[in-house]
Amino acid sequence: MKVLKKLFVLTLVFGVIMALAACGGSKKTNSSSSSDSGGKKTLTVSVEDQYADYINSIKGDFEKQNNVTVKVVKKPMFDQLEALPLDGPAGKAPDVMLASYDRIGGLGQQGHLLELSKKDVSAFDAKDQRQVTIDNKVYGVPFVIETLVLYYNKDLISSPPKTFSDLEKLAKDSKYAFKSEPGKNTGFLVKWTDFYYAYGLLAGYGGYVFGDNGTNTKDIGLNNEGSVKAITYATHWFQDIWPKGMKDTKSSGDFVTEEFSKGKAAAVIDGPWSAANYTKAKVNYGVAPIPTLPNGKEYQAFGGGKGWVASNYTKEPKLAEKWIKYVTNAENDYKFFEKYNEIPANPTAREKAASTNNELAKAVAEQYKSAQPMPNIPEMAEVWTGMESTMYDAAVGKKTPKQAADAAVKTIKDNIAQKYSNK
């Protein structure tokens with residue numbers, strides 16, 4: 001997630017610079033679309049290298065139905081999104097590509113993405129539609145969902161903890177004592193020094209990033225009463241239970257992974273992307289929704305994922321939109337899940353995946369119900385920066401939870417006022 005956030009910040013800065021040039025680009029500009037020697041149109045589809053086999057396996061029917069050649073370009077998703085503001089006007093951008101939800105809003109606002117019909121997302125609920133919508137305009141169709149879940153070691157505990165009270169009990173079990181630091185325990189771990197992981201705790205206590213469903217930057221709820229209570233609760237874990245390595249903003253994530261992989265932690269909160277690492281480490285793990293918080297509320301982590309988008313510079317906008325509808329239909333989205341174990345966004349495919357014996361799919365689908373879409377406006381970049389040291393400052397006693405939260409929100413507001421004053 002750290003790499004994702006850095007790329008997010010860099011792209012937003014660059015995107016603002018390119019916005020004026022992009023807005024005039026639209027469909028009249030050259031594009032990578034072309035006709036082959038036989039007169040067929042060509043649609044260029046950009047995906048990560050590991051997804052190319054999937055695209056090649058499903059493109060045949062689309063090619064026949066539309067008399068088109070689908071050309072697959074292999075390029076890392078974030079590299080492709082970074083390049084779009086320059087490649088689009090130069091006629092080098094692909095026609096369609098995958099994009100993380102938190103990037104779609106900014107790229108759409110800046111004029112780099114093709115606006116789609118609202119009918120394309122009519123089958124999705126309001127939360128899913130928010131992921132690909134900004135300024136009441138749709139710029140993508142959801143494809144994959146992700147959110148944090150609870151992993152637990154089945155060799156250590158027979159069933160997943162249901163409440164944070166259960167997690168507190170694990171933290172009192174001597175078999176999880178951290179030997180090099182008397183009185184410290186690793187029964188339950190989560191990387192709360194990272195705001196991405198901590199947000200679900202703050203939101204569960206009533207905190208929020210921006211008001212009005214993540215769009216009102218003048219209303220920031222990361223230092224309200226609920227957020228301060230959440231940070232105070234987290235400070236209890238940092239100071240009274242966890243080893244000092246959990247305060248390290250750079251390496252605490254590696255510490256969590258290592259302790260769980262070695263059977264020294266019974267439960268951790270982590271993302272679906274970590275399942276492969278735990279499988280490789282041969283952990284006999286289960287996956288479940290995150291336990292309810294001490295206040296009885298749900299842990300409301302960020303809900304993310306990725307969707308299909310089209311370049312606003314494509315010469316074949318109707319064909320690009322057809323592809324997006326085709327690749328995100330229930331059949332093709334479920335095929336993607338079967339191949340890569342990434343949870344479908346398509347409602348029918350998601351329900352089918354959750355009905356299987358796949359614990360990860362069940363847990364993500366269930367946890368996603370209480371997840372909050374990450375704000376997809378450019379100002380979100382300032383939240384990552386502002387909240388970066390909040391939990392650390394409170395954990396080490398440098399500031400009180402209230403002082404740490406107030407300082408973070410002041411930084412966020414100041415940076416937004418400085419960088420986005422013309423909006």
For this session: Using just the helices of the chain, give the 222 nm mean residue ellipticity in deg cm²/dmol: DSSP H runs with n ≥ 4 each add -39,500 (n - 2.57), and the total is spread over all residues, rounded to 500.
Result: -13000 deg cm²/dmol
Problem set entry | Among 276-285, 196-205, the order from most to least packed when residues are scored by Cβ within 10 Å on average | 196-205, 276-285
Exercise. What pairs in K250/K297; K74/K335; K172/K247; K162/K191 have C-alpha atoms more than 27 Å from each other?
Worked result: K250/K297
Problem set entry | region 126-156 versus region 189-225: alpha-carbon centroid distance in Å | 17
Exercise. Using the Cβ atoms and a cut-off under 9 Å, what net charge is assigned to the surroundings of V268, where Lys and Arg are +1 and Asp and Glu are -1?
Worked result: -1
Exercise. Mind checking Rg over Rh on the chain, alpha carbons, Kirkwood formula for Rh?
Worked result: 0.99
Exercise. For region 317-423, rounded, prolate or oblate, judged on the Cα gyration tensor with a ≥ b ≥ c (square roots of eigenvalues), a/c < 1.5 rounded, else prolate if a/b > b/c?
Worked result: oblate
For this session: Choose one of V72, A276, S174: the residue whose Cα lies farthest towards the positive end of the charge dipole of the chain (beta-carbon charges +1 Lys, Arg; -1 Asp, Glu; about the Cα centre).
Result: V72
Seminar exercise, completed: Probe 1.4 Å, heavy atoms of protein chains only: per residue, the accessible area of the chain in Å² is 43
Seminar exercise, completed: When the charge dipole of the chain is computed with +1 at the Cβ of Lys and Arg and -1 at the Cβ of Asp and Glu, the Cα pointing farthest to the positive end, of Q367, G263, M391, is that of M391
Exercise. Under the classification rounded if a/c is under 1.5, otherwise prolate if a/b is larger than b/c and oblate if not, where does region 366-423 fall, given a ≥ b ≥ c as square roots of the Cα gyration tensor eigenvalues?
Worked result: oblate
For this session: Quote the charge dipole size of region 346-423 about the Cα centre in Debye, to the nearest 20; the model charges only the Cβ of Lys and Arg (+1) and of Asp and Glu (-1).
Result: 120
Exercise. Ignoring ligands, DNA and RNA, what percent of the 1.4 Å accessible area of the chain is carbon and sulfur?
Worked result: 49
Exercise. Using mean Cβ contacts within 10 Å as the protection proxy, how do 118-124, 217-223 order, highest first?
Worked result: 217-223, 118-124
For this session: First check a/c for region 132-247, with a ≥ b ≥ c the square roots of the eigenvalues of its C-alpha gyration tensor; if it is under 1.5, answer rounded, and if not, answer prolate when a/b is larger than b/c or oblate otherwise.
Result: prolate
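The values are calculated or read from the model by the stated rules, or taken from the named source; none is laboratory data. Small disclaimer: the values here were computed from a predicted structure and weren't measured. Neighbour counts run over all protein chains shown; Cβ positions are idealised from the backbone, glycine included. To get the accessible areas, we keep the full protein, side chains included, count just its heavy atoms, and leave off ligands, DNA and RNA. Shrake-Rupley method; radii C 1.70, N 1.55, O 1.52, S 1.80 Å.
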